[in-house]
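Derivation of every value follows stated rules applied to the coordinates shown; laboratory data play no part. Here the structure is a predicted model, which means the values were calculated and not measured. Because the Cβ atoms are built from the backbone with ideal geometry, glycine has one as well, and the counts that use them run over all protein chains shown.
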Amino acid sequence: MSGSAPVPLGAMLRATLLVGAVPILLLLLLMAGGWLAPAPGAAALLATTLAALAVARLWIGNMARLAEGLRRAAEADSGFDRPALAPLLPSVAEIADGVALLARRLADRAEQVGRLQRADQAIVEGLPDPLLVLAPDRTPLRANAAARTLFDAGNLSAGGGDVAALLRHPVLAGAVDRALAEGRPQAVDLTLPVPVARDLVARIVPMDPPLADGGRLVVLLSDRTRERAVERMRADFVANASHELRTPLASLIGFIETLRGPAEDDKAARTRFLGIMAEQSERMRRLIDDLLDLSRIELTEHQPPTGRALPGAIVRAEAAALEPLARGREATIRLDLDEAVAAAPADAEQVAQVARNLMENALRYGREGGTVSVAVARAEPGGDRRLPARPGVLLTVADDGPGIPREHIPRLTERFYRVDKGRARSAGGTGLGLAIVKHIVNRHRGVLLIDSREGEGSVFRVWLPAAADAPAAG
């Protein structure tokens, strides 16, 4: 028993009495009945007591070391190693062997359960549909990869963020209450309006008994935004295209009939009419391109972008591409770009569309011979209260044109909305540029601000989230 703790005297005496009680009692009876002489009897009593003391000490020591081995195995959460007990009592040895066998079987079973749990976690993590596990008080405990992508991994709490908006939704809250009260799965359709409108089908499954982590409810979400957007856009595209294409198409048909008839041999009229037909055809092409662009953007608007964009470099490239339009309007594009700031997560191609549409609008509707000022800078928190209170990238496009009456500003991003329809068509606009900008900004979880006064020009500002490693201002 080297290295073991000292055995309490009381425990030693009780064990000695337990081991030697029977032989000591027999010896005393023999001595009392005269069958054993006092001297040999006393010697036998002494020898029996000493033997019982030795056995008791060995027994207690074996049991103490066995208990110590079990305690260490429990504290380390590992397997049980049979302790080396020398000398070893047969009964204790059997107990130690049985405990070791039981511990090995439990360890094997625990390893099997661990493998099954890891497999279950891998299956849940790999599910294409978002999944949330809720505690009995409806707070989220965990989410799979699809849910973290759909909602924001940093906002997996009931205190804020997209997940909190989902859990507070009255339709989902009612379904959760019914699932808990009735103990049966519930399925509901709901729409989340922010940060981007999403159509979801939620299936709530109560867990009885609860999951190992205390999860009481499993919420499985199916995002139907894309499918329903396709249905809406199919109808919208037909309605918008048929309405907006009717005028240029009617012009083309009329000029073609004229060229086939009265102006067939009129070279001057033919040249003029063909020029107008080319303009109308180009207008139809731009309109169809913008409609298709808008449809593609709306399809993915509910899915945040991935990647990184450098708005400063993008704006410089788009400004160079718009130089012919600027020369035609005798306008100047003035750039003030911080090309070091980066937006992320961001789709560089869509950021280019935003810059292109805003600059093209400023050139087309600004003052002829005027100046379009374009700036890209880092936006720090604490500036304009209308902007998010976190670092971002600010793209500003300003013109010195006639400005926009205040009552029209809220509707500028609607499809085909025009302040001056005649001027807009003569300028070559399709009425979709700002709608495209709005949907791209929504997808990037950004902000679009429009400020304008009649006679003072217009200022369009787009805030996009900044990359975490973007340099600080100053």
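Given a cut-off of 19 Å, what percent of all Cα-Cα pairs of the range 245-343 lie beyond it?
Working: 3296 of 4851 pairs.
That tail contains 68 percent of the Cα-Cα pairs.
Straightening the chain between residue 37 and residue 249 buys 62.6 nm, computed as 0.36 nm per residue apart minus the Cα-Cα spacing. FRET efficiency for the residue 149 to residue 272 pair, using the beta carbon distance and R₀ = 60 Å, is estimated at 0.60.
Which value, to two decimals, describes the C-alpha radius of gyration of the range 127-223 once divided by 2.2 N^0.38 Å? Don't skip to the end; give the middle numbers.
Working: Rg = 12.2 Å, N = 97, 2.2 N^0.38 = 12.5 Å.
In units of the globular-protein estimate, the range 127-223 measures up at 0.97.
Of 223, 137, 97, how do they rank once you tally other Cβ atoms within 10 Å and put the fewest first? Before the final figure, lay out each step's value.
Details: 223 18, 137 8, 97 11.
Listing 223, 137, 97 from fewest to most nearby Cβ atoms yields 137, 97, 223.
In this simple spin-label approximation, residue 173 and residue 306 carry label points 7 Å from Cα along the Cα→Cβ vector, and these lie 3.5 nm apart. Cα centroid separation, the range 328-367 to the range 20-62: 106 Å.
Would you mind calculating the gained length between residue 112 and residue 380 on full extension (0.36 nm times residue separation, minus the Cα-Cα distance), in nm to one decimal? Working shown, then result.
Numbers: separation 268, 0.36 × 268 = 96.48 nm, distance 5.25 nm.
Between residue 112 and residue 380, full extension yields 91.2 nm more.
Available extension along the chain between residue 454 and residue 120 is 113.9 nm, counting 0.36 nm per residue and deducting the alpha carbon span.
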